[in-house]
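Please read the structure below before turning to the comments.
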Amino acid sequence: MKVFTSVWLRRLILYVFAVWCIFPLYWIFLTALKTPIQAMARPPLFLFEPTFANFAKVVGNPDIWAYFASSTIVAAGSSLLTLALGAPAAYILARYSFRGRGDFGFWLLSSRMTPPVAMLIPFFVLYYQLGLLDTHLGLILAHVTLNLSIVVWLLRGFFSELPREIEEAASLDGDNHFQVFARITLPLAMPGLISVGILIFLLSWNEFLFALVLGDSAVRTVPVGLYGFIGYQTIAWAELSASASLLIIPVILFILVFQRHLIRGLTMGAYR
Amino acid sequence: MPLRQTTIQRAERSFILWMLAPATILMLSLTLVPFLVSVYLSFTDYSLTAPETINWVGLKNYSDLLSSADFWDAARITTIFTIVAVGIETVLGVGIAALLHHEVRQAPWLRVIYLLPMAITPIAATFTFRLMFNPTQGVLNHLLGLAGVSPSAWTAAPETALLSLILVDVWQWTPFILLIVMGGMAALPPEPEEASQMDGAGPFRTFFLVTLPRLKPYLALALLFRLIDAFKTFDIIFVLTGGGPGVATRTLNLLAYKYGIEFLSMGYASALAIVMLVFTLVAGQVFLRRLGLFDLKD
């Protein structure tokens, strides 16, 4: 009893775990503020006079802004499209029973179980034939395919928790199924749709393998651009860290602003 | 009123169809078609180095694959990575959730910090681990040195490379288990725990005998997602070791990537992808049926 409930020991463990979670991010920002020589120092420096020279240097790199643009187009396009396709299907799975419902649900879920290369190789061959390689549309469609099952799965749970009564009242008033869904259910479900949309935006933004293989020069997202930096200059730690920091600052802000939605989205699927 | 009944049913049926159609059509064209293409390619010698020729080779790709040491090595490495990483994540995640459950009201910001590893762009996190793993200038060996532990070669040596990758996966995904278990604990009514404490059971006994069994459905789902995702891991391995040193960390995913995307031998790579797909689907089905989860059947 004493050990387990001892507040101080418990807090210590929680703080140690928090430091462990945040340390790699702290380290990348710290390295970005060092001079190239400080960054290679042995032993590594914790205290030093910070310099913003690395940031000043990488901020002027037009490639970085192109990566942001590509990622924004792909993440926004794919999250909106995934929601538009997924929400109606999720609603049906939540509200109606029909023959083959379980199989339909499992089939959607099976795309999440598919190893990415099993999807990537045919995608690559098909895109090669169709001329979709290195296009925004191609990458958006690929990300929709990756994330649709997650959207359906999460929203199905969300829809099934909405009270039926309001929908029933509307249909007694003479609204047909479509009107009930569009005018009653969707507005009620808006918080859930927003949470799931935010999650999908982040997943699409962070996705690497498909973006690497299906994109190239015209469509290079942030993770692929970052990978390019790492590949080319292995020595310039300070400058690389500045680029990496610059690329993750918006993501960190995004996470901080939308933390509630993200926690809900990431864990919502488990509470059915 | 049988006539009216059928009109209602017909309206409902067409509603269901229209609502399911967009998702179904997209998934059919973007998963089923690629899947069929994959199956077809896996019986051919199709290669993008010579895209104009394509020959039917029957089961040759599969027999080559199943008799190659590369495949079985990769299967072994994938299994070790998946099971060890998810195992550690589960123990740590459940343990910390048990502690955090009582604490979270005082420190809600802890949850945000715990969210960061799994939400931050994985390539960026992987890059910073690369700096930290550096055997001579990296901060990890420095910190270990302060604690009196001898330095490790991390990803640079075959013996430690896989463990280093597991460490990164544990860093990234322990919070996932943690958040799910914590959410589960918050959703459960506290009475059984209170009763158990009143009966004189200590907190450890209460946790293992009362709380943990009730968390099983949440934990099972978290585990399923983690197992699937760990099996699929690509980013951190690709960037940190590229499957090396040698082939020490070459998982099935990396092997398929190498044959398909680097060597462009789509036939052989497709055979490997199909084998992986069949394995995950069968394992996933067994897991789901076993637990009776995801029971969408009415």
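The values are calculated or read from the model by the stated rules, or taken from the named source; none is laboratory data. In this text the structure is predicted, and so the values were computed from the model without any measurement. Virtual Cβ from ideal backbone geometry, glycine too; neighbours counted across all protein chains shown.
Restricted to segment B:1-115, the set of helices (runs of 4 or more DSSP H) holding at least 1 residues that are in contact (Cβ under 8 Å) with a residue 60 or more places away in the chain comprises B:33-42, B:60-66, B:69-103.
Inside segment A:56-108, residues that are among the polar types (S, T, N, Q) and either free of Cβ contacts under 8 Å to residues at least 60 places away in the same chain or surrounded by fewer than 22 Cβ atoms within 10 Å (Cβ to Cβ) (or both) make up a count of 4. Between B:Phe35, B:Phe43, the distinction of being touching a strand residue (DSSP E or B) at 6+ places or on another chain (Cβ under 9 Å) and surrounded by 15 or more Cβ atoms within 10 Å (Cβ to Cβ) belongs to B:Phe43 only. Taking helices (runs of 4 or more DSSP H) as the structural unit, those lying wholly within segment B:177-287 and holding at least 2 residues that are more than 8 Å from chain A (Cβ to nearest Cβ) and of a type in the set (S, T, N, Q) correspond to B:191-198. In segment B:266-282, the count of residues that are buried (at least 24 other Cβ atoms within 10 Å of the Cβ), β-branched (Val, Ile, Thr) and touching a Phe, Trp or Tyr at 6+ places or on another chain (Cβ under 7 Å) is zero. The one condition from (1) out of contact with any Pro (no Cβ under 7 Å at 6 or more places or on another chain); (2) within 30 Å of B:Met266 (Cα to Cα) that A:Ala39 does not meet is (2).
Contact map, segment A:217-240: residues that are within 12 Å of another protein chain (Cβ to nearest Cβ) and closer than 16 Å to A:Ile28 by Cβ paired with residues that are modelled with pLDDT of 80 or more and assigned to a loop (DSSP other than H, G, I, E, B), Cβ distance under 6 Å, separation 6+ or inter-chain. Pairs shown: A:Pro223/A:Phe208; A:Pro223/B:Thr121; A:Ala238/A:Lys34. Within the option set A:Pro122, A:Pro191, being without any contact (Cβ under 8 Å) to a residue 60 or more places away in the chain, within 30 Å of A:Ser70 (Cβ to Cβ) and more than 8 Å from chain B (Cβ to nearest Cβ) holds for one residue only, A:Pro191. Inclusion of B:Gly246 among residues that are in the same structural domain as B:Val86 (by TED's automatic domain parsing) and at positive phi is warranted. Restricting segment B:208-229 to residues that are of a type in the set (D, E, K, R) and touching a residue at least 12 places away in the same chain (Cβ under 8 Å) leaves a set whose member that is surrounded by the most Cβ atoms within 10 Å (Cβ to Cβ) is B:Arg226. Output the residues belonging to segment A:125-139 that are more than 7 Å from chain B (Cβ to nearest Cβ) and touching a helix residue (DSSP H, G or I) at 6+ places or on another chain (Cβ under 7 Å). Passing the criteria: A:Tyr127, A:Leu132, A:Leu133, A:His136, A:Gly138, A:Leu139.
One residue stands out in segment B:1-24 among those that are loosely packed, with under 11 Cβ neighbours inside 10 Å and of a type in the set (Lys, Arg): the one that is modelled with the highest pLDDT, namely B:Arg10.
If you go through segment A:205-217 and pick out every residue that is in a helix (DSSP H, G or I) and touching a Leu at 6+ places or on another chain (Cβ under 8 Å), you end up with 5. Only one of the numbered conditions (1) under 24 Å from A:His261 (Cβ atoms); (2) within 11 Å of chain B (Cβ to nearest Cβ) is violated by A:Asn147, and that is (2). The residue that is modelled with the lowest pLDDT, counting only those in segment A:130-185 that are acidic (Asp, Glu) and closer than 24 Å to A:Leu202 by Cβ, is A:Glu161.
Got at least one residue in segment B:3-23 being outside the structural domain of B:Ser164 (by TED's automatic domain parsing) and within 27 Å of the chain's Cα centre (by Cα)? Yes: one or more hits. Scanning segment B:136-165 for residues being away from every other protein chain (no Cβ under 11 Å), over 20 Å from the mean Cα position of the chain (by Cα) and farther than 20 Å from A:Phe17 by Cβ gives a total of 12. When B:Arg130 is tested against (1) closer than 20 Å to B:Asp229 by Cα; (2) buried (at least 18 other Cβ atoms within 10 Å of the Cβ), exactly one condition is not met: (1). The set of residues in segment B:143-162 being surrounded by fewer than 16 Cβ atoms within 10 Å (Cβ to Cβ) and either on the phi > 0 side of the Ramachandran plot or part of a helix (DSSP H, G or I) (or both) consists of B:Leu143, B:Leu144, B:Gly145, B:Leu146, B:Gly148, B:Pro158, B:Glu159. The residues listed here are A:Ile150, A:Ile235; of these, the one that is out of contact with any Asp or Glu (no Cβ under 8 Å at 6 or more places or on another chain), in a helix (DSSP H, G or I) and within 30 Å of B:Phe238 (Cα to Cα) is A:Ile150. The single residue among A:Ile37, A:Ile22, A:Ile73 that is touching a helix residue (DSSP H, G or I) at 6+ places or on another chain (Cβ under 8 Å) and more than 10 Å from chain B (Cβ to nearest Cβ) turns out to be A:Ile73. Find all pairs meeting these conditions: Cβ atoms under 7 angstrom apart; at least six residues apart or on different chains; first residue within segment B:185-207 and assigned by TED's automatic domain parsing to the domain that holds B:Leu219 and under 21 Å from B:Pro217 (Cβ atoms); second residue modelled with pLDDT of 75 or more and among the aliphatic types (A, V, I, L, M). From segment B:185-207, the pairs are B:Met185/B:Ala97; B:Met185/B:Leu215; B:Pro192/B:Val210; B:Glu193/B:Val210; B:Ser196/B:Val210; B:Phe207/B:Ala98. A residue that is of a type in the set (Ser, Thr, Tyr) and either within 9 Å of chain B (Cβ to nearest Cβ) or part of a loop (DSSP other than H, G, I, E, B) (or both) occurs somewhere in segment A:85-95. Scanning segment A:40-55 for residues that are touching a residue at least 24 places away in the same chain (Cβ under 8 Å) and more than 7 Å from chain B (Cβ to nearest Cβ) yields A:Asn54, A:Phe55.
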